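**Q** Once you've had a glance at the structure underneath, I'll fire off some questions.
Since every read-out is calculated from the coordinates, none of them should be taken as a lab result. Worth saying up front: this structure is predicted, and the values here are computed from it rather than measured. Every residue, glycine as well, gets a Cβ built from its backbone with ideal geometry; the counts of neighbours run over all protein chains shown.
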Amino acid sequence: MYLMDRYKDTKEMDISQIKSPTDIKGRSMEELAQICADMRKALIAKLSSVGGHVGPNLGFLEATVALHYVFDAPADKIVFDVSHQSYVHKMLTGRMEAFVDPEKYNDVTGYTNPRESEYDLFSIGHTSTSVSLATGLAKARDLQGLSHNVVAVIGDGSLSGGEAFEDLDFGAVAGTNFIVVVNNNQMSIAPNEGALYHNLALLRDTKGTAQSNYFRTLGYDYLYVDDGNDLESLIAAFRKVRDCEGPVVMHVNTEKGMGLPVAQEHKEAFHYHAPFDPYTGASKSADAELDYTDIFIRYMLSKIKADKSVVALTAGVPGAVGFTPDVRMEAGQQFVDVGIAEEQAVAMASGLAKAGCRPVVAEPATFIQRAYDQLAQDVSINRQPVTVVTFYGGVWGMTDETHLGFFDVPMIANIPGILFLMPTCAGEYIAMLDWAVGQTVTPVVIRTPSGAVVNRSGDFSVDYNTVGYEIVREGHDVAIIAAGDFLQLGLDAADRLVWMGINPTVINPRYVSGLDTSSLDKLRGYRCVITLEDNAIDGGIGQKIAAYLGDAPVKVHVLGLPKRFVNRYDPDELLKSSGLTPEAIAGIALASSGVDAV
């Protein structure tokens with residue numbers, strides 16, 4: 001049987017009756033053990049059905065039960081870093097139905113969310129933040145003369161982030177109650193990278209007794225729990241640190257994926273997983289066709305093999321950008337994972353470029369924003385020809401409010417000196433990659449297209465630092481300028497207009513960090529220009545085009561996504577509400593041409 005429990009003979013309980021942490025307080029160890037077993041079973045059933053963060057939640061299950069058993073949330077403040085491991089917390093804090101009733105599986109998010117519960121203090125989806133947030137909570141508590149506990153939960157993978165170094169350094173001098181729980185499962189999403197992990201390994205090997213102790217060096221009291229999946233050990237440890245009078249680190253050695261053999265054996269693959277068979281681990285979805293990540297990896301491996309100066313870098317999420325373990329092995333020393341440290345990845349890439357290498361930083365769009373200063377200072381001001389390739393940008397990226405990928409264009413494309421390219425198809429994507437890696441003139445950001453691979457004809461082998469807009473269809477009166485993935489949307493709208501007697505010009509701008517003024521000047525006599533961009537409108541290319549053509553009689557309609565945090569949205573609904581459908585776009589063009597929509 002796939003479910004392995006160390007407590008098999010305990011009495012069956014109905015976990016659906018748990019409405020708050022008070023429902024587990026006062027329970028016997030046997031009852032708590034059964035609650036853990038039942039929750040693990042429920043977690044595996046849900047995760048195998050709808051997908052989610054598998055390994056982190058299974059591994060931190062007992063620790064979460066012990067945490068809520070000992071502490072008194074929400075009076076005591078508990079902050080979960082990244083909140084990849086917050087499912088059990090949600091189960092214990094009034095949201096059990098979302099984990100035991102298949103019809104309600106989608107009622108809660110995969111991250112802590114204050115709109116769901118008072119037990120969730122922050123919406124958190126990026127790493128290394130919990131200790132920083134907790135320092136603020138502790139300071140506010142002390143200023144108000146209160147005495148509750150403040151607990152920050154952080155995984156060992158998150159410790160590699162720059163913010164984690166900063167907040168641990170500051171938290172060590174708190175002087176009052178401040179508890180940091182380090183969940184050490186020996187993994188980030190991928191294997192941990194960095195010298196810090198040598199010390200964590202030493203502490204595990206010596207059961208926490210080694211004189212060389214990172215946390216004690218900073219000034220923390222220190223408590224080690226060797227079996228972080230044993231309830232009795234955890235409860236005893238939490239009782240020791242509760243109501244402490246100074247900063248303390250409780251270092252907990254857990255097993256990522258605990259209780260599900262396939263997750264324990266394949267820790268990286270089961271950090272997050274789509275629906276799967278819990279016995280075999282096989283994905284329930286059909287085999288995917290070639291996608292843009294496959295195209296990127298094939299290109300990178302070919303360049304790495306052909307040129308020893310080409311170096312690929314990621315920041316703790318290699319699998320998300322196609323660098324699976326076998327691909328990493330094939331790339332060898334020309335692949336670098338810096339751990340969850342985007343600032344390091346981008347600044348290191350600048351150093352590599354300065355020394356004559358051809359660095360390519362591959363990151364999800366939502367995470368590259370963590371390296372804004374390095375993109376501006378270390379790369380752009382220094383004019384280093386670093387190539388950054390982003391993934392999951394735009395409306396079809398990740399849909400949690402903490403992971404939105406459509407703010408990348410306004411943020412990065414407005415940094416002076418960075419060329420931001422938006423490929424529209426596979427051929428253009430490969431051409432842009434090849435040009436960016438080969439040139440030595442400018443830093444380049446390329447957003448990887450989303451969805452099914454698109455192929456179209458055209459000459460894509462150009463100098464993207466000097467080339468202007470591409471006229472995909474030549475027309476008159478109405479122009480549709482559609483960037484990146486939205487080119488097809490523009491073409492679909494154009495087809496509707498042709499059917500209605502209007503022949504629009506369709507333009508692929510290629511880049512969104514500047515304007516091709518010579519192409520835009522040709523549109524001054526048109527009736528209307530419609531811009532389509534798969535990113536937040538504010539700060540995007542449409543506003544720049546509208547400003548440039550502001551003194552011309554042509555009317556410019558700027559369409560794109562809202563500058564708003566939307567959570568778990570349906571892409572089709574968001575597109576429709578933003579006017580980004582062929583029908584809506586055609587209606588705007590018809591109205592501007594004095595033709596009634598039909």
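**Q** Taking H as built 1.01 Å from N, whose amide H comes closer than 5 Å to the amide H of GLU470, not counting residues under 5 places away?
**A** Excluding prolines and chain starts, which carry no amide H, the hits are ASN508, ARG510.
**Q** Pull up the DSSP beta bridges for the chain and report the antiparallel fraction as a percent, rounded to 5.
**A** Details: 8 of 62 bridges.
About 15 percent, rounded to the nearest 5.
**Q** Given axes a ≥ b ≥ c from the Cα gyration tensor, I'd like to know whether region 292-447 is rounded (a/c under 1.5), prolate (a/b larger than b/c) or oblate.
**A** Since a/c stays below 1.5, the shape of region 292-447 is classed as rounded.
**Q** Compare the peptides 478-485, 436-443, 251-258 by average per-residue count of other Cβ atoms within 10 angstrom and give them in order, highest first.
**A** 478-485, 251-258, 436-443
**Q** What are the principal axis extents of the Cα atoms in region 18-161, in Å, biggest first?
**A** Each principal axis gives a Cα extent; for region 18-161 these are 44, 35, 27 Å.
**Q** Using only Cα atoms and rounding to the nearest 10 degrees, what angle (0 to 90) does helix 292-306 make with the longest principal axis of the chain?
**A** 90 degrees
**Q** Mind ordering 358-364, 290-296 by average Cβ neighbours within 10 Å, highest first?
**A** The most tightly packed comes first, giving 358-364, 290-296.
**Q** Give the order of PHE60, PHE367 when sorted by the count of other beta carbons within 10 angstrom, beginning with the fewest.
**A** Fewest-to-most ranking of PHE60, PHE367: PHE367, PHE60.
**Q** Cut-off under 20 Å on the C-alpha distance; same-chain residues fewer than 8 positions from LYS522 excluded. Which lysines are left, in chain and number order?
**A** LYS544, LYS555
**Q** Same structure, new question: Using the Cα gyration tensor of region 245-337, with a ≥ b ≥ c the square roots of its eigenvalues, what is the shape: rounded (a/c below 1.5), prolate (a/b larger than b/c) or oblate (neither)?
**A** Oblate, since a/c reaches 1.5 and b/c is not below a/b.
**Q** Mind scanning LYS90/LYS207; LYS41/LYS256; LYS240/LYS267; LYS77/LYS139 and naming the pairs with a C-alpha gap bigger than 20 Å?
**A** Working: LYS90/LYS207 31 Å; LYS41/LYS256 16 Å; LYS240/LYS267 31 Å; LYS77/LYS139 12 Å.
Those over the limit are LYS90/LYS207; LYS240/LYS267.
**Q** If you don't mind, there's one more thing I want to ask. With runs of 4+ DSSP H residues as the only contributors, calculate the mean residue ellipticity of the chain at 222 nm using -39,500 (n - 2.57) per run, divided by the residue total and rounded to the nearest 500.
**A** -9500 deg cm²/dmol
**Q** Would you please calculate the Kirkwood hydrodynamic radius of the chain over all C-alpha pairs and express it in Å, rounded to one decimal?
**A** On the way: mean 1/r = 0.0386 Å⁻¹.
Every distinct Cα pair counted, the radius reaches 25.9 Å.
**Q** Using only alpha carbon pairs under 8 Å that are at least six residues apart, calculate the relative contact order of the chain and give it in whole percent.
**A** After rounding, I find 10 percent.
**Q** Next question, about the same structure. Out of residues 5 or more away from ARG447 or on other chains, whose amide H comes under 5 Å of its own, with H placed 1.01 Å from N in the peptide plane?
**A** THR390, LEU421
**Q** Moving on to the next point. By what distance, in whole Å, do the Cα atoms of region 15-272 stretch along each of the three principal axes, largest value first?
**A** Sorted from largest, the Cα extents of region 15-272 read 48, 43, 34 Å.
**Q** Among ASN508, LEU520, SER577, whose Cα lies farthest out toward the positive end of the dipole of region 508-598, if unit charges sit on the beta carbon of Lys, Arg (+1) and Asp, Glu (-1)?
**A** Result: LEU520, furthest along the dipole toward the positive end.
**Q** Let me ask another. Which listed residue (VAL437, VAL498, ILE15) has the Cα farthest towards the positive end of the charge dipole for the chain, taking +1 on Lys and Arg C-beta and -1 on Asp and Glu C-beta about the Cα centre?
**A** About the Cα centre, the residue reaching furthest to the positive side is VAL437.
**Q** Any idea what the relative contact order of region 339-461 is, in percent, if you count C-alpha pairs under 8 Å spaced at least 6 apart? List each step's numbers first, then the result.
**A** On the way: 222 pairs, mean separation 33.3, N = 123.
About 27 percent, as a whole number.
**Q** Given the C-alpha centroids of region 451-466 and region 173-240, what is the distance between them in whole angstrom?
**A** Centre-to-centre distance over Cα atoms comes out at 50 Å.
**Q** Taking neighbour counts of Cβ atoms within 10 Å as a proxy for exposure, in what order, fewest first, do GLU583, GLU401 appear?
**A** GLU583, GLU401
**Q** Against the longest principal axis of the chain, how steep is helix 426-438, in degrees 0 to 90 to the nearest 10, with axes from Cα atoms?
**A** 80 degrees
**Q** List, in order, the whole-Hz ³J(HN,Hα) value for each residue of region 215-231 obtained from phi through the Karplus relation with A = 6.51, B = -1.76, C = 1.60 and θ = phi - 60°; use x for Gly and Pro.
**A** 6, 5, 4, 6, x, 7, 5, 9, 9, 10, 10, 6, 10, x, 10, 9, 4
**Q** Let me ask something additional. Just want the ordering: SER188, SER350, SER461, SER49, from fewest to most Cβ atoms lying within 10 Å of their own Cβ.
**A** So the ranking, lowest neighbour count to highest, is SER461, SER49, SER350, SER188.
**Q** Let me ask something additional. Separation of region 528-584 and region 73-93 by C-alpha centroid, Å?
**A** Going from one Cα centre to the other spans 38 Å.
**Q** Send over the semi-axes of region 471-592's equivalent ellipsoid, whole angstrom and largest first, taken as the square roots of 5 times the C-alpha gyration tensor eigenvalues.
**A** 22, 18, 12
**Q** From the P(r) of region 422-514, could you give the percentage of C-alpha pairs in the tail past 22 Å?
**A** 29 percent
**Q** Follow-up. Using Cα-Cα distances under 8 Å and only pairs 6 or more residues apart, what relative contact order does region 504-563 have, in percent?
**A** Numbers: 78 pairs, mean separation 23.2, N = 60.
Relative contact order for region 504-563 comes out at 39 percent.
**Q** For region 364-403 and region 255-317, what is the centre-to-centre distance using only Cα atoms, to the nearest Å?
**A** 21 Å
**Q** Output the 0 to 90 degree angle, nearest 10, between the alpha-carbon long axis of helix 342-354 and the longest principal axis computed from the alpha carbons of the chain.
**A** Between helix and principal axis, roughly 50 degrees.
**Q** Output ³J(HN,Hα) for region 262-268: one whole-Hz value per residue in order, computed from phi by the Karplus curve 6.51 cos²θ - 1.76 cosθ + 1.60 with θ = phi - 60°, and x for Gly and Pro.
**A** So the J values, rounded to whole Hz, are 5, 6, 6, 7, 10, 5, 5.
**Q** Now for a different question. For region 146-293, just run the numbers: alpha carbon Rg, then divide by 2.2 N^0.38 Å, N being how many residues it has.
**A** 1.22
**Q** List the residues, sorted by chain then number, that are 5 or more residues from ILE537 or on another chain and whose placed amide H is less than 5 Å from its amide H.
**A** LEU561, LYS563
**Q** How do 542-553, 123-134 rank on mean C-beta neighbours within 10 Å, highest first?
**A** Result, highest mean first: 123-134, 542-553.
**Q** Across region 528-533, in residue order, what do the Karplus-derived ³J(HN,Hα) couplings come to in whole Hz, using 6.51 cos²θ - 1.76 cosθ + 1.60 with θ = phi - 60° and x for Gly and Pro?
**A** These are the phi-based 3J(HN,Hα) values: 8, 10, 10, 9, 10, 9 Hz.
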